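Here the structure is laid out as structure tokens; the discussion comes afterwards.
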Amino acid sequence: MHPLELESHGRAPLAGASSRLKLLAALGIITLTALLPRRPHILYLIPATTLLLLWPFCRMPLGYAVRRLLVAEMFILGIALLSLVRPAAAPIFFSSLIKSNLCVFSMLLLTWTTPFQDVLQELRRLRFPAVMLTTLALMYRYLPVLGEETRRMSRARASRTFARRRLGTWQSLALIIGQLFIRSADRAERIYLAMCARGWK
Amino acid sequence: MSAAVEVRKLSYQYPQHGRLALDQVSFSVGEEECIGVLGPNGAGKSTLLLHLNGLLPEHVAPAPSIWIGGEPIGPKNLDLVRQRVGLLFQDPDDQLISATVLEDVAFGPRQLGVEGAILKALVGQCLDQVGLSGFEDRQPHRLSHGEKRRVCLAGVLACKPSVLVLDEPTSDLDPRGRREFKALLQSLPGAKIIATHDLELVVDLCSRVIVLDEGKLVAEGATRALLSNEELMLAHGLEKPHSLMHRHPHGPASPVS
């Protein structure tokens, strides 16, 4: 099963709506959110209310949304923390947090109701830059390959893990992530060669 | 008549660690000939194959060492070389880059400017050739290893190459997949260069073999005669294939002692 293929596709009332319409709506909400003032403001209620109104039509479970948002939260916090180095940073910090979460949530609603390939196709029709589309397409293609590689490495490590220690688990995880990074870099090199071998420039 | 592939005194040194990967390698391949490239791990087989497609060296040398159909590989004709030489990589997941089989097989021809109905017909024809008709809308991650390899081959055939270069084409295949893939390779016209550890495949498909070890071409000759030389095989990390040791009760081939 592909990690981006959700069973939800086709079940929610909004799943039947035009992919282009959903994509444009999501991009519209993201753009609007990005243009809002750089401090917590009553205008933030506009995208927030819109998303909350759309949510029931997407039938996305709360648990799923929270889990995905938590994954994104690490990156969001990382970016928001950067704003703390500035004077009078608190409003910018909170505004970054709220805006980023609203943007991620709108993308979650989009991907919950629209297969990733349809999103890619619409982006292509909207003439998004080819390099960006190739990057997204390759990411979609290689997510299951990386997932399988991670599972294999985890299994191999588990087979040689004899004492359950929290520190050991974290060390193993760090090693797996490091190895995965190196293997992904090697694979990227081979993919590039394979693309060149078929005339890609 | 010129050879399909001519390699003359090809040397290559890895820029990262300076190790000599290929050292004065010379051989040629006829237009309908199938040759095997043998050698232990790290002998330089894959590096040699990357050279045949113009992927190595990183900067094409001014003086050519490889000729494809009589034409030297140079910076100006890399596109033509890559169309003429179809390279099948060892890991199909490196080669299958698109979200669907159709898109993937169409990748090469698209680079050559083929589009529309001609492209669709070409994809259908190549998938039919590898026995995967109707697989157009399938997603690569849902295919078996053997099917992935066939799709890769279809993607290579779609560029209409005159030389097929295959890196470990039967690794990770089960016996049936291996048998079917071998039959498929046998049915394809043109010159073929197969780098492999599968010596039975070499016995069945290749009329001639070259043996590489530490980047040097250490032996070249007719398949059965060379693979029967047990001393040579063992000296270069290889083994005499089973089929050349015993007479098969149902096979016509007699073992070479």
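The values are calculated or read from the model by the stated rules, or taken from the named source; none is laboratory data. None of these values were measured; they are calculated from a predicted model. Cβ: placed from backbone, ideal geometry, glycine included. Neighbour counts: every protein chain shown.
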Cross-chain or 6+ apart pairs with Cβ under 7 Å, region A:27-54 first and assigned by TED's automatic domain parsing to the domain that holds A:Ala88, then outside any helix (DSSP H, G or I) and surrounded by fewer than 15 Cβ atoms within 10 Å (Cβ to Cβ): A:Leu43/A:Pro37
Surrounded by fewer than 22 Cβ atoms within 10 Å (Cβ to Cβ), part of a loop (DSSP other than H, G, I, E, B), away from chain A (no Cβ under 12 Å) and of a type in the set (A, V, I, L, M, F, W, C): does that describe B:Leu122? no
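Filter region B:125-134 down to the residues that are touching a residue at least 12 places away in the same chain (Cβ under 8 Å) and surrounded by fewer than 19 Cβ atoms within 10 Å (Cβ to Cβ), then identify the one that is nearest to the chain's Cα centre (by Cα).
This residue is B:Gln129.
Please verify whether A:Arg187 is closer than 30 Å to B:Glu58 by Cβ, part of a helix (DSSP H, G or I), in contact (Cβ under 8 Å) with a residue 12 or more places away in the chain and facing chain B (nearest Cβ under 10 Å), treating the condition exactly as stated.
yes
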Within region B:71-105, how many residues are facing another protein chain (nearest Cβ under 8 Å) and charged (D, E, K, R)? 5
Condition first: at pLDDT below 95 and of a type in the set (Asp, Glu). Now tell me which residues in region B:110-135 satisfy that. B:Glu115
Options A:Leu167, A:Leu126, A:Leu136: the member that is touching a residue at least 60 places away in the same chain (Cβ under 8 Å) and among the aliphatic types (A, V, I, L, M): A:Leu126
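Could you grab me the full set of residues in region B:40-70 that are outside any loop (DSSP other than H, G, I, E, B) and within 13 Å of chain A (Cβ to nearest Cβ)?
B:Ser46, B:Thr47, B:Leu49, B:Leu50, B:His51, B:Leu52 - these are the residues of region B:40-70 that are outside any loop (DSSP other than H, G, I, E, B) and within 13 Å of chain A (Cβ to nearest Cβ).
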Of everything in region B:139-162, what is buried (at least 18 other Cβ atoms within 10 Å of the Cβ), small (Gly, Ala, Ser) and part of a loop (DSSP other than H, G, I, E, B)? Give them in sequence order. B:Ala158
Flag if B:Val165 is assigned to a helix (DSSP H, G or I) and crowded, with 22+ Cβ neighbours inside 10 Å: no
B:Leu20 surrounded by fewer than 17 Cβ atoms within 10 Å (Cβ to Cβ), touching a Phe, Trp or Tyr at 6+ places or on another chain (Cβ under 9 Å) and of a type outside the set (Gly, Ala, Ser): yes
